[in-house]
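Q: To start, I am sharing the structure in question, which I have written as structure tokens.
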Amino acid sequence: MPPGRHLPEIFGFALGATATVAQVVLVREALSLCGGNELALGLGLSLWLVGVALGALAAGWLPRPGSALASTAVAAAPAFGAAWAILRLHRSIVDLPAGGDPSLPAIAALLAVGTGLGGIAVGFLFTVAARAAADGSDRPVSRLYTAEAAGALVGGLAFSLVMAGRISHPAALAIAAGVGALGAGAVLSGASRAAAWAAAALLIVAAAGGPLAALDQWTSTLAFEALDAGELVTSTDSPYGRLAVGRIEDQHQLYSDGRLVRAFPDPWRRSEQIHLAMAQHPDPRRVLLVGGERRTGSRRAWPTARIERSSPTSTTRSRISAARCGRRRRYAPSAIPGWS
């Protein structure tokens with residue numbers, strides 16, 4: 001592979017965008033390992049950097065680094081896909097009870113393969129390009145670093161403003177790998193260029209078509225079945241995390257990154273709070289329910305039969321009412337969130 005006048009800028013920019021999108025997708029998938037806990041962020045990013053170091057070390061052993069650029073750029077797509085599948089289907093790999101999270105060693109092992117595998121591909125590609133671009137001075141490699149940083153910035157903005165919540169994670173990974181293959185093909189020649197560009201076209205077409213959407217839905221169903229939480233109604237990758245709605249008989253549950261955040265209808269949740277609040281008054285007669293619902297505000301839900309009046313109100317109006325009446329209320333249960 002000839003060094004080429006613009007090899008550092010072209011391939012470095014494409015690799016930066018590819019690496020950032022792949023990293024964000026894999027870390028978002030890693031959040032489901034422990035219900036969105038920040039532990040997955042720190043550990044996942046650390047193991048990504050370990051993977052980058054291992055990939056760079058492996059690329060440093062190649063006698064002819066330029067000859068491996070095309071094959072490595074094409075192989076990045078299945079590497080990203082395998083890492084994504086391991087993280088998405090981790091409950092099928094690690095036997096977990098319903099509602100349980102993997103142990104810390106299991107989380108580390110899954111992230112080492114998941115985010116670490118993506119880091120290996122990126123580190124290998126960057127080192128191959130840096131060695132192939134070097135011409136006895138450090139200027140081409142410095143331009144490669146600069147272009148890679150600019151590509152990372154553009155890739156991050158593209159995912160945050162365009163991709164997140166609009167396309168599935170498999171499609172985002174396919175686009176990222178396709179951009180990397182395009183960058184490799186731009187600085188290659190002959191059969192290597194044709195192979196890289198053909199792979200890029202195939203990946204981008206797959207991202208725009210139905211196969212990856214079907215794959216995303218199928219893996220979402222498998223991952224939800226592993227939760228043992230009933231039937232999956234729908235799921236999506238939102239800008240804030242992976243959301244899924246399940247159903248058990250007439251009740252629906254909302255999951256965020258594998259963690260239950262809401263069940264509806266849930267007639268007992270507010271009733272328990274009512275018992276705690278009402279126990280602070282010796283003889284309650286009139287009750288203002290802050291941010292309550294008509295069903296919860298019904299007298300049948302109260303733990304005493306001596307209630308003369310109950311008034312559910314919205315949060316905005318209730319703040320005003322509580323401010324006006326707070327000084328006259330001796331038994332206001334201020335320790336209970338949402339009550340006055």
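Q: For the stretch 9-48, which residues satisfy the criterion of being among the small types (Gly, Ala, Ser) and without any contact (Cβ under 8 Å) to a residue 12 or more places away in the chain?
A: 42, 46
Q: Within the group 172, 181, 176, which residue is within 16 Å of residue 16 (Cα to Cα), buried (at least 20 other Cβ atoms within 10 Å of the Cβ) and touching a Ser or Thr at 6+ places or on another chain (Cβ under 8 Å)?
A: 176
Q: Something else now. When you go through 176, 184 one by one, which is the residue that is in the same structural domain as residue 71 (by TED's automatic domain parsing), at pLDDT below 85, under 17 Å from residue 79 (Cα atoms) and assigned to a helix (DSSP H, G or I)?
A: The conditions single out 184.
Q: Has the stretch 231-241 got at least one residue that is among the hydrophobic types (A, V, I, L, M, F, W, C) and outside the structural domain of residue 76 (by TED's automatic domain parsing)? First the steps, then the outcome.
A: Restricting attention to the stretch 231-241, the residues satisfying the condition of being among the hydrophobic types (A, V, I, L, M, F, W, C) are 232-233.
Checking which are outside the structural domain of residue 76 (by TED's automatic domain parsing) leaves us with 232-233.
Taking every residue of the stretch 231-241 in turn, at least one turns out to be among the hydrophobic types (A, V, I, L, M, F, W, C) and outside the structural domain of residue 76 (by TED's automatic domain parsing).
Q: Next up: What are the residues in the stretch 223-242 that are assigned to a helix (DSSP H, G or I) and either closer than 16 Å to residue 168 by Cα or of a type in the set (Lys, Arg) (or both), if any?
A: Result: 223, single match.
Q: With respect to residue 200, is the statement that it is outside the structural domain of residue 93 (by TED's automatic domain parsing), assigned to a helix (DSSP H, G or I) and at pLDDT below 85 true? First the steps, then the outcome.
A: Numbers: outside the structural domain of residue 93 (by TED's automatic domain parsing): no; assigned to a helix (DSSP H, G or I): yes; at pLDDT below 85: yes.
No: the conditions fail for residue 200.
Q: From the list 193, 270, 247, 262, which one is modelled with pLDDT under 85, among the basic types (Lys, Arg) and either within 21 Å of the chain's Cα centre (by Cα) or not in a helix (DSSP H, G or I) (or both)? Give the steps one after another, and end with the answer.
A: Details: 193 fails: either within 21 Å of the chain's Cα centre (by Cα) or not in a helix (DSSP H, G or I) (or both); 270 fails: either within 21 Å of the chain's Cα centre (by Cα) or not in a helix (DSSP H, G or I) (or both); 247 fails: modelled with pLDDT under 85.
Just a single option satisfies the conditions, and that option is 262.
Q: How many residues does the stretch 218-242 contain that are touching a residue at least 12 places away in the same chain (Cβ under 8 Å) and closer than 20 Å to residue 77 by Cβ?
A: The number of residues fulfilling the criteria is 2.
Q: Check whether at least one residue in the stretch 247-255 is surrounded by 13 or more Cβ atoms within 10 Å (Cβ to Cβ) and either in contact with a Ser or Thr (Cβ under 6 Å, 6 or more places away or on another chain) or assigned by TED's automatic domain parsing to the domain that holds residue 96 (or both), and report yes or no.
A: no
The values are calculated or read from the model by the stated rules, or taken from the named source; none is laboratory data. Please read all numbers here as calculations on a predicted model, not as lab measurements. Here the Cβ is made from the backbone with ideal geometry for all residues, glycine too, and neighbour counts use every protein chain on show.
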